[in-house]
Structures are given as structure tokens and as C-alpha cells.
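Asks: I have a structure I would like to understand better, so I am pasting it below and will then ask my questions one at a time.
The values are calculated or read from the model by the stated rules, or taken from the named source; none is laboratory data. This structure is a prediction, so every number in the text was calculated from the model and none was measured. Using ideal geometry, Cβ is built from the backbone for each residue, glycine included, and neighbour counts are taken over all protein chains shown. Each accessible area value is taken on the protein alone, full model and side chains, heavy atoms only, with ligands, DNA and RNA left out. Shrake-Rupley method; radii C 1.70, N 1.55, O 1.52, S 1.80 Å.
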Amino acid sequence: MTKTYLPSVKEAETTRKWHQLDATGKTLGRLATEIVVYLMGKNKRTFTPHIDCGDFVVVTNASKIKISGNKAITKVYFSHSGYAKGAKETPYKDMLAKNPTKIIELAVFRMLDDNKLRAKRMKRLRIFANDEHTF
């Protein structure tokens, strides 16, 4: 009879690794899914959905990311302050010029499950606009 292996929380925290990804020429969605797999720990044999067993991820060259099709013109980021007439729409081109790290951060944040582990997983993600980084 085989037994299921369940890693402890302490073991999951001590076995974390660092992954460095270069965003140059990569498509936004495909890069975001790769990041999410590492953050959740789905690439490990000891993956358990209710334990945060993911790794650290460092992304460089966020300003050189690609987007497919006509989305560079039509994609819009929406936010609302909560007040009346507090809606803001930011086109993709403006967001790429102002804060390219925010584009990847939002894509990864929205791909992760909406539960208590999402904030912990996002803390292990570091995104840099250029080659230069400190981690």
C-alpha cells in the first residue's frame, strides 16, 4: 500500500529555490503562466494546494515584453477608486512607458487563486524593468 507524502510547512519554506526569468521578447500571458507555476510550486513533486510550497522568482527586462495581435492598441487597464466618477482607464502603451513592472505584476496577480496564499506568493515575486537588479 502506498502512502501519500505531505510536506510540512517548515520543510516547504526551507526548500525554496530562486528562479531568474528574462522577459525579453516573451509574450505576456505565457511568461505570466510560467511565473505562476514557480510561485505556486506546481513544478515540484511535493506540490500541495493548501501549503505554500512555491519558489522565489526574479524577472528582468520587463520593459522588453511583447504582446500579441492588436492588443498594444486596444488593451486598457481599468481601476476604480471607490468614489463616484473614480474610474481610471490606462492604455497599454502608457502603462508600458510609465511602469512596465506593473503589467507583469497585474497579469500574475490575476492568474493566482484568490485565497489567503496569494499575498504570500506575490511577496516572493521581484520584477525589474532592466537588466540591473538587486535581490
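Asks: For residue 66, what charge total do you get from the other residues with a beta carbon under 11 Å from its beta carbon, if Lys and Arg give +1 and Asp and Glu give -1?
Replies: The answer is +4.
Asks: Oh, and also: Which shape class applies to the range 4-60: rounded if a/c is under 1.5, otherwise prolate when a/b exceeds b/c and oblate if not, where a ≥ b ≥ c are the square roots of the Cα gyration tensor eigenvalues?
Replies: Prolate.
Asks: With a ≥ b ≥ c taken as the square roots of the eigenvalues of the C-alpha gyration tensor of the chain, please select rounded if a/c is under 1.5 and otherwise prolate if a/b is larger than b/c or oblate if it is not?
Replies: Details: a/c = 2.34, a/b = 1.71, b/c = 1.36.
Prolate is the answer for the chain, as a/c is 1.5 or above and a/b outweighs b/c.
Asks: Label-point separation (nm) for residue 24 and residue 63, each offset 7 Å from Cα along Cα-to-Cβ?
Replies: Each label point is offset 7 Å from its Cα along the Cβ direction, giving 1.4 nm.
Asks: How far is helix 28-40 tilted off the main Cα axis of the chain, in degrees rounded to 10, range 0 to 90?
Replies: Helix 28-40 sits roughly 30 degrees off the main axis of the chain.
Asks: Using 0.36 nm per residue, how much length does the chain from residue 130 to residue 77 gain when fully extended, once their Cα-Cα distance is taken away?
Replies: Working: separation 53, 0.36 × 53 = 19.08 nm, distance 2.23 nm.
Going from the current span to full extension adds 16.9 nm.
Asks: How much of the DSSP bridge set in the chain is antiparallel, in percent, rounded to the nearest 5?
Replies: 35 percent
Asks: Can I ask one more? Would you mind checking the tilt of helix 100-111 against the longest principal axis of the Cα atoms of the chain, expressed as 0 to 90 degrees and rounded to 10?
Replies: 50 degrees
Asks: Follow-up question, since we're still on this one. Of 118, 110, which has the most accessible area with a 1.4 Å probe, and how do the rest follow in descending order?
Replies: 110, 118
Asks: Let me ask another. For residue 56, put the label point 7 Å out on the Cα→Cβ axis and report which residues of the range 86-112 keep their amide N under 14 Å from it.
Replies: none
Asks: While we're looking at this one, here's another question. With a 1.4 Å probe and all protein chains kept in place, how do 121, 30 rank by accessible area, largest first?
Replies: Reading off the accessible areas and sorting them downward yields 30, 121.
Asks: Pull up all non-local amide H partners of residue 59: gap of 5 or more, or a different chain, and H-to-H distance under 5 Å with H placed in the peptide plane.
Replies: Here the answer is 21, 126, 127, 128, since their amide H atoms fall under 5 Å of that of residue 59.
Asks: How large, in percent, is the carbon and sulfur part of the accessible surface of the range 30-82 at a probe radius of 1.4 Å?
Replies: Carbon and sulfur together cover 54 percent of it.
Asks: What area, in nm² and to one decimal, does the C-alpha convex hull of the range 80-125 cast on average over all directions? Present the calculation step by step, with values, prior to reporting the outcome.
Replies: Values: hull surface 17.0 nm².
Convex hull of Cα atoms, orientation-averaged projection: 4.2 nm².
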